[in-house]
Amino acid sequence: MIKVRNVYKTFYAKNKVEALVDVSMEVGRGEVVTIIGPSGSGKSTLLRCLNHLEAVDRGEILIDGIPLTDARTNINAVRAEVGMVFQSFNLFPHMTVLGNITIAQTKVRRRPREESEKIARNLLEKVGIPEKAQSYPSQLSGGQQQRVAIARALAMQPKIMLFDEPTSALDPEMIGEVLDVMKTLAREGMTICAVTHEMGFARTVCDSVVFMDEGRIVERGTPEEVFDNPVNDRTKLFLAQIL
Amino acid sequence: METLKNLTHSPRFRNTLSWIALFLILAGFVFGTFRTTQKVDYIWRWEKIPRYILFKDRSVIEVRDYATVTALDQRGSETIVVARNRSGGERYYTIPSDLVTVSIGDELRSGQILAKWERWKTGLLLQGLILTLKISLVSIALGILIGLFTGLARLSKSPAPKWLAIGYIELIRGTPLLVQIYIFYFFVGQIFSLSSFWAGALALSVFAGAYVAEIIRAGIQSIHKGQMEAARSLGMNYYLAMRYIILPQAFKRILPPLAGQFISLIKDSSLVGVIALVELTRAGREIGTSTFNYFEVFFTVAALYLILTFSLSMVVQFLERRFAVSD
């Protein structure tokens, strides 16, 4: 489903930062992968490269067989198949919850309004906040906002869902409600790539865990392998710090 | 003693005091103006002003000599009655179409009253006000359009639109509006044979567009970049994301500075008087030179501008309240 081959990405802000160095990985259909690693290790950059929010310098990324790195690829069509959930939710504040979930359906998928709204209401039911359809994002709690953001991404019926630290901006008591939605998705067979430090999520629903450091994939394995018997010293150090 | 101190320190007492101060300052200002005009020995003649806003047009059309109606030529709301007298000479009488009572072949007597009417007509000041309103509205609409495209071009990563936008903005902001109006009238207007109205309107639009572009650019940049990323990650292209996600949010934020810009534009439209457009200020000057009642005329002109700018402020406040529902 996702193939990443020898990808390089360097940022030139104040000084040169090598965000991704020769990164290769594969995610199969229905597989749930968690990317962990210290801050600045390139895990968010890798995720953002997967729907071309960042362009890679070198290497190749294939989404469902379509090369993102090819200039002829219609990037918007690929993005419509890849849902993304952000750390800071990024809901559209000038629209109601229903508007947030229907806008891309009507404008990108060109679905009729009634059908889009029906899908939106079903998704709100699924994420547990059907009563908030007419609210504005500013009237919701962080956990509710993130669940709306998930519903918004799901409304496009994507083949892949990317989660970029979806619970990092949430109060502790709201993390559970978002993780529950993610777990449900994972059980339903969605292909998921998530950057998260929720070890509970990683252990219970993940097929594999990727550990990144300084732009490189240092270790990859099942949750048991990576968490219980890490091979690499840096993985050991990192796990010792967060567990 | 303690109670007095409590009273003078209470917020309510201070508030009342402030209101009294405000009243005294305003009263002092009005009284001062009144005394000053008394000093310069000016005779106020406010009664001369209303006729320059609306006046009653009284007309009587009288037949000059014996004649026969040979033709009725209707032109818009007016009809020209053609009458031929016995020696073959023709006379033309222009009267409102709805007041025509004669028909072709009718004999007309000398002194016969062909038509008599009383109509309200717009005076010079009102005509000027209407022209100012018209040129301002045209310039605001075109200014938004130019500003939107220039603002977006200014944010483009590709050098051609970006540097064209920067060049245009710097050129317009770095030269006086009066000079721009002359250039549009004498140079651009000459080449494209524009009427003076369009020369003036285009000069104002191009001027406003440069400022609006900067306001729009700042508005778009103030929207968190996560909004664009979220929109793009849903598969929206640049146009859809701008149209439905970024610009609506930016517009809400730039409404106050945009309103300020357009209020300025209404006032700046007074400069197009130099290219033979009798807008409000020019109308005031013409009435002033013929009546010498400069005081009343320009107070009235100022009040009429205030009506325009205040209405615009009200419209913007209404829009701001409507956009505030999602906050």
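Is it true that some residue in segment B:60-67 is within 30 Å of B:Ile130 (Cα to Cα) and either of a type outside the set (A, V, I, L, M) or open to solvent by less than 90 Å² (accessible area, probe 1.4 Å) (or both)?
Yes: one or more hits.
Can you list the strands (runs of 3 or more DSSP E) lying wholly within segment B:58-162 that have 1 or more residues being basic (Lys, Arg) and in contact with a strand residue (DSSP E or B) (Cβ under 6 Å, 6 or more places away or on another chain)?
Hits in segment B:58-162: B:78-85, B:90-96, B:113-122.
Find the residue count for segment B:239-259, including only residues that are free of Cβ contacts under 8 Å to residues at least 24 places away in the same chain, touching a helix residue (DSSP H, G or I) at 6+ places or on another chain (Cβ under 9 Å) and more than 9 Å from chain A (Cβ to nearest Cβ).
1
Tally time: how many residues in segment A:208-223 are open to solvent by 30 Å² or more (accessible area, probe 1.4 Å) and over 20 Å from A:Leu179 (Cβ atoms)?
5
Okay, residues lined up against (1) at the interface with another protein chain (Cβ under 9 Å from one of its Cβ atoms); (2) of a type outside the set (Ser, Thr, Tyr); (3) more than 17 Å from B:Gly226 (Cβ to Cβ):
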residue	(1), (2), (3)
A:Ser24	no, no, yes
A:Gly42	no, yes, yes
A:Leu47	no, yes, no
A:Asn51	yes, yes, no
A:Leu62	no, yes, yes
A:Ser88	yes, no, no
A:Pro93	yes, yes, no
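For (1) more than 24 Å from B:Ser264 (Cα to Cα); (2) in contact (Cβ under 8 Å) with a residue 60 or more places away in the chain; (3) out of contact with any helix residue (DSSP H, G or I) (no Cβ under 9 Å at 6 or more places or on another chain), each residue gets a yes or a no:
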{"position": "B:Arg154", "(1), (2), (3)": "no, yes, no"}
{"position": "B:Lys157", "(1), (2), (3)": "yes, no, yes"}
{"position": "B:Lys162", "(1), (2), (3)": "yes, no, no"}
{"position": "B:Ala165", "(1), (2), (3)": "no, no, no"}
{"position": "B:Leu178", "(1), (2), (3)": "no, yes, no"}
{"position": "B:Tyr185", "(1), (2), (3)": "no, yes, no"}
{"position": "B:Ser196", "(1), (2), (3)": "no, yes, no"}
{"position": "B:Ala203", "(1), (2), (3)": "no, yes, no"}
{"position": "B:Phe207", "(1), (2), (3)": "no, yes, no"}
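Can you name the residue in segment A:125-144 that is surrounded by 13 or more Cβ atoms within 10 Å (Cβ to Cβ) and within 14 Å of A:Met95 (Cβ to Cβ) and, of all such residues, is nearest to the other protein chains (Cβ to nearest Cβ)?
Looking at the filtered set, the residue picked out is A:Tyr136.
Across segment A:72-120, what is the number of residues that are part of a helix (DSSP H, G or I) and buried (at least 16 other Cβ atoms within 10 Å of the Cβ)?
Matching residues across segment A:72-120 total 20.
Does segment A:145-161 hold any residues that are of a type outside the set (Lys, Arg), within 9 Å of A:Val82 (Cα to Cα) and in a loop (DSSP other than H, G, I, E, B), and which are they?
Answer for segment A:145-161, where residues must be of a type outside the set (Lys, Arg), within 9 Å of A:Val82 (Cα to Cα) and in a loop (DSSP other than H, G, I, E, B): A:Met156, A:Gln157, A:Pro158.
Would you list the helices (runs of 4 or more DSSP H) that sit entirely within segment B:206-324 and hold 1 or more residues that are closer than 30 Å to B:Ile183 by Cα?
The qualifying helices (runs of 4 or more DSSP H) are B:247-268, B:280-291, B:294-323.
β-branched (Val, Ile, Thr) and within 14 Å of another protein chain (Cβ to nearest Cβ): which single residue out of B:Val278, B:Val325 fits that description?
After applying the criteria, what remains is B:Val325.
For B:Tyr211, state whether it is open to solvent by 30 Å² or more (accessible area, probe 1.4 Å), of a type outside the set (Val, Ile, Thr) and without any contact (Cβ under 8 Å) to a residue 12 or more places away in the chain.
Here the answer is no, as B:Tyr211 does not meet what is asked.
What pairs can you find where one residue is in segment A:214-241 and closer than 20 Å to A:Val21 by Cα, the other is open to solvent by 80 Å² or more (accessible area, probe 1.4 Å), and their Cβ atoms are less than 7 Å apart, with a gap of 6+ or different chains?
That search, which allows pairs on different chains as well, returns A:Gly215/A:Glu18; A:Val218/A:Arg234; A:Glu219/A:Val231.
I'd like the full set of residues that are more than 23 Å from A:Ile66 (Cβ to Cβ) and open to solvent by less than 30 Å² (accessible area, probe 1.4 Å), limited to segment A:176-207.
Result: A:Val178, A:Leu179, A:Val181, A:Met182, A:Ala186, A:Thr196, A:Met199, A:Phe201, A:Ala202, A:Val205, A:Cys206.
The values are calculated or read from the model by the stated rules, or taken from the named source; none is laboratory data. Nothing here was measured: the structure is a model prediction, and the numbers come from that model. Virtual Cβ from ideal backbone geometry, glycine too; neighbours counted across all protein chains shown. Please note that ligands, DNA and RNA were not included when accessible areas were found on the heavy atoms of the full protein model with its side chains. Shrake-Rupley method; radii C 1.70, N 1.55, O 1.52, S 1.80 Å.
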